[in-house]
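The values are calculated or read from the model by the stated rules, or taken from the named source; none is laboratory data. Here the structure is a predicted model, which means the values were calculated and not measured. A quick note on method: Cβ atoms are made from the backbone with ideal geometry, for glycine too, and the neighbour counts reach across all protein chains shown. Accessible surface is based on the protein model in full, side chains and every heavy atom, while ligands, DNA and RNA are left aside. Shrake-Rupley method; radii C 1.70, N 1.55, O 1.52, S 1.80 Å.
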Amino acid sequence: MLQVLRSNQPIAVLLILLPIPAMVLLRWLFPSDLTQTSALLYSPLLAVFPPLQSVVWHYMLIALNGYFLNRLLNKHELCRQPSVLAGFLTVLLACALPVVYPLSPVLAATPFYLAGINETLKVYRQPVVINHYFNAGFLFGTAALLAPSYVTALPALLAAVFYTRTAQWRELFLPLLGFLFPPLFFLTILWLFGVKTPDDLVYAAGRITGNVAGLSAWIFYGFAALLTLLGVVRMLGSFNSSSNKSKNSKALLLFFLLAQSFGSMLWVSESLTLQAQWLLPAAVLLLSYSFLEKSGRWQQLVFYLLLLLAAMNVVGWLN
């Protein structure tokens, strides 16, 4: 299976969504005493326009995040050859986490965040780049409007401008302007329609259903963290054998991943589940490097162990 995921065969694209029905089936076949906890969900946009309360939206957003993240790695030469491994791992890890009701602001914001990174990486050797920087700022501003913790993407974007080019004032001003547009539009619409500004940016007392902090959850999170650290080592080691475009893309990607890590100090939720969702893009982008290059039979064993731990977390074994 790992070999198919590392390929770019047409059938491999279908495997990206495979964890969704598999995890739903596991929850149905092995029902367990699920833990329900409440956590404040911070999102200015969703506080005014509450989403439909349906688990279908949860899994649709997971699938969308998997598609965007997989496209990001393949389009900008972040791996040696195109594959669907990153998309599969995104969907797998996200499905193994508990379900957030009515809708996770993190899952809703992450597609905009990944699209913003995609716009930033497009500037490589482009004569005119201000449109890409403005688009990136606008997308990051939209992500921050859905999940305020994504505000850390703005300093990462400005750092990327300085790293990529001899920045002109317009290439610094336009990303900032683009970032400010979504909240300005949002406040204008609220004023025009007389909608009350939400208090404390809270849109619901969210219910998190699943094995939130049991033994199987901690083992699963810990194993994913170890693979992420291994992915960091392998990614840094791949710089010497990468093309110039690939080196540039990886360096810019690290800016955003570092900003996201530092931004954990700004995280406003006490929920371990929301914290794990927010760190998911960074984790998968790095974790996938543990499996992109063939390294013997041990890699197969580690991959299937990750699948097993994800399944154990879903059904609550060891809790």
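In a fully extended conformation the segment linking GLN299 and GLN9 would gain 102.3 nm over its present Cα-Cα distance, using 0.36 nm per residue. For segment 1-147, the residue among VAL128, THR35, LEU69 whose Cα projects farthest onto the positive side of the dipole built from Cβ charges is VAL128. Computed over neighbours whose Cβ is under 12 Å from that of VAL99, the net charge equals +2, Lys and Arg +1, Asp and Glu -1.
The convex hull drawn around the Cα atoms of segment 66-209, when projected onto a plane and averaged over every direction, covers 10.5 nm². A Gaussian network model of the chain, with springs between Cα atoms under 10 Å, assigns the largest mean-square fluctuation among ILE130, ILE208, ILE11 to ILE11. Shape of the chain from its Cα gyration tensor (a ≥ b ≥ c, root eigenvalues): rounded if a/c is under 1.5, otherwise prolate when a/b > b/c, or oblate? The shape class here is oblate. Is the shape of segment 30-70 best called rounded, prolate or oblate, per the rule: a/c under 1.5 gives rounded, else a/b larger than b/c gives prolate, else oblate, with a ≥ b ≥ c the square roots of the Cα gyration tensor eigenvalues? Here segment 30-70 falls in the oblate category. Computed from the Cβ-Cβ distance with R0 of 45 Å, the FRET efficiency linking LEU18 to TRP169 stands at 0.40. Note on surface exposure: PHE262, PHE303 rank PHE262, PHE303 by accessible area, highest first, 1.4 Å probe.
Extension gain, LYS245 to LEU318, is 21.7 nm, computed as 0.36 nm per intervening residue step minus the present C-alpha separation. Ignoring ligands, DNA and RNA, what percent of the 1.4 Å accessible area of the chain is carbon and sulfur? Carbon and sulfur together cover 69 percent of it.
Rounded to the nearest 20, the Cβ-based charge dipole of the chain about its Cα centre (Lys and Arg +1, Asp and Glu -1) stands at 980 debye. Once you have a ≥ b ≥ c as the square roots of the Cα gyration tensor eigenvalues for segment 4-77, tell me rounded if a/c is under 1.5, and otherwise prolate or oblate according to whether a/b is larger than b/c. Here segment 4-77 falls in the oblate category. Once the C-beta distance of LEU258 and LEU190 is scaled by a Förster radius of 22 Å, the resulting FRET efficiency is 0.05 to the nearest 0.05.
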